[in-house]
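Let me begin by presenting the structure, written as structure tokens, before commenting on it.
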Amino acid sequence: MRIEDQDGPTSSGSMLSDVADAAPKKIFIKTYGCQMNVYDSDRMVDVMAPHGYSETSSPDDADIVLLNTCHIRERAADKVYSELGRLRDMKNEREAAGGKKLVIGVAGCVAQAEGSEMQRRAPYVDMIVGPQSYHNLPAMVARSGNGGPAQVETDFPAEDKFVSMPAAEKRKTLARGPTAFLTIQEGCDKFCTFCVVPYTRGSEYSRPLTRILDEARSLVDGGVREITLLGQNVNAFHGEDEAGRPTTLGGLIRALAKIDGLERLRYTTSHPRDMDDALIEAHGDVKKLMPYLHLPVQSGSDRVLDAMNRQHTAEHYIRLIEKIRAARPDIALSSDFIVGFPGETDADFEATLGLIREVGFVQAYSFKYSSRPGTPAATRDEQIAEEVKVERLQRLQALIGEQQVAFNRACAGRRLPVLFDRKGRTPTQLVGRSPYLQSVHIENAPASLFGQIAEIDIEEGFAQSLRGRLVREVLAPA
Ligand code: 5AD
Ligand code: SF4
């Protein structure tokens, strides 16, 4: 799983201004946390669209406000309750002014974890819906607003969710730009001792391969050139290929790579235990699979890895990276790290720094351990002092920062294919992604370059991005 932004929510509403607005009713979704939540928020818009709802970028004109929440680290629930307090005031103000009714819903992992506790603490909430029950939203909305207690749907009927979602081609949220997410797998059976995911998202479930291929084709028909496959444990994906043979992520990637017009594939987030040979081989010979891998290791100390129940050692991780690099020598690596796990000594932390030096990462997400109620690590006595966690996090981030800037600087002088997917700060600036997921900025970009892959001469590498110059424009858009 990947957390883009622990503290700030992503407003998926603001990305959707072009959604057809024939429908009179509006839904506003505030999305917290990982890319899987961003994807789910889009699916919730899709599921409500046939019922006359279009998305709005502001809660003020919304009939439904939905918070799609994240529970991965602490204070998540507190933040949701304070946001709910603001929504309660808004609901009351509207009622007092005789304005339109406001339906308040909470979705995602906090909804799953809090369930009926939220009914008690925030009785003005109308709907509490866990991540596996989004297909029930229209029925919940239809039943809402009769003054009764919140409806709670937090079961785990994993198979139902996607099957009863609108078919890909009917989606309102499909293909907003040249890059898209596609969830292929959900849930996790690994039970790392710090993590809530197995409890909030349930056990591993893979979507059927044919539905994934259909969705990918629809995305490409809508202009998408790059797809990032999503899953809490994405490389645990398993299914049957079109001939009925068992397949894993490597096979799925090969099937997706055959889609004309789809130029790039990525996936996130993986577990080292599930990096099977088929996937490593795909890194070696599927050209569309980008040379970038986010493979969380969490710690470089075997003692800590064992206490985390990661089911691998530091040595296993390092050998795995060697194998992946043998298949794809230029692969750029990213990871997740936790500092200050209960019982982590200075020596354990030094071992993590040692692993970082040995492997070499181009970027990473790093976190201070935070105790999550209900997880095994939360009850351990040897909790680490906050100031120790802060100091370790700073040292780790400084080391990763050095590796990142060194990698970016070393790209100067190279010619890289860049997919342009964002506007820059000035009207003539465009921003894209290199194969290694670096942001690449160019000046004096022809507008026709948006959505295209073009060869760029990299002129300078910075801490977080690259600056380059267009070699030649791609004249025949796909
Ligand atoms: N404390 C700190 N970080 C955590 N993560 C997951 N649970 C916790 C926790 N309790 C981090 C892990 C994981 C990433 C998504 O979030 O590094 O890979
Ligand atoms: Fe959480 Fe571990 Fe599963 Fe990742 S592999 S989602 S950290 S339990």
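The values are calculated or read from the model by the stated rules, or taken from the named source; none is laboratory data. All of these numbers come straight from a predicted model, not from anything done at the bench. Reconstructed Cβ throughout: ideal geometry from the backbone, glycine too, with neighbour counts over all protein chains shown.
Brief remarks on what is shown
- In the condition set (1) more than 16 Å from ligand 2 (Cβ to nearest atom); (2) crowded, with 17+ Cβ neighbours inside 10 Å; (3) at pLDDT below 90, GLN132 is compliant with all but (1).
- In the set ALA278, ALA326, ALA282, only one residue is within 18 Å of GLY250 (Cα to Cα) and crowded, with 22+ Cβ neighbours inside 10 Å; that residue is ALA282.
- Being within 16 Å of ligand 1 (Cβ to nearest atom), assigned by TED's automatic domain parsing to the domain that holds ASP189, within 24 Å of the chain's Cα centre (by Cα) and among the acidic types (Asp, Glu) is a description that applies to ASP336.
- Taking the numbered list (1) farther than 26 Å from PHE361 by Cα; (2) buried (at least 21 other Cβ atoms within 10 Å of the Cβ); (3) touching an Asp or Glu at 6+ places or on another chain (Cβ under 8 Å) in turn, VAL224 passes all entries but (3).
- Which listed residue is in contact (Cβ under 8 Å) with a residue 24 or more places away in the chain, in contact with a helix residue (DSSP H, G or I) (Cβ under 7 Å, 6 or more places away or on another chain), crowded, with 22+ Cβ neighbours inside 10 Å and of a type in the set (Ser, Thr, Tyr), from SER218, SER301: SER301
- Flag if SER270 is within 21 Å of the chain's Cα centre (by Cα), at pLDDT 95 or above and within 16 Å of ligand 2 (Cβ to nearest atom): yes
- Some residue of segment 161-174 being among the hydrophobic types (A, V, I, L, M, F, W, C), at pLDDT 85 or above and away from ligand 2 (no atom under 15 Å from the Cβ): no
- Elements of type strands (runs of 3 or more DSSP E) in segment 25-132, at least 1 residues being under 30 Å from CYS192 (Cα atoms) and of a type outside the set (D, E, K, R): 25-31, 64-69, 103-107, 127-129
- The sole residue among TYR205, TYR199 that is within 15 Å of ligand 2 (Cβ to nearest atom), closer than 24 Å to GLU242 by Cα and at pLDDT below 95 is TYR205.
- Some residue of segment 286-307 being at pLDDT 95 or above, farther than 21 Å from GLN397 by Cβ and within 16 Å of ligand 2 (Cβ to nearest atom): yes
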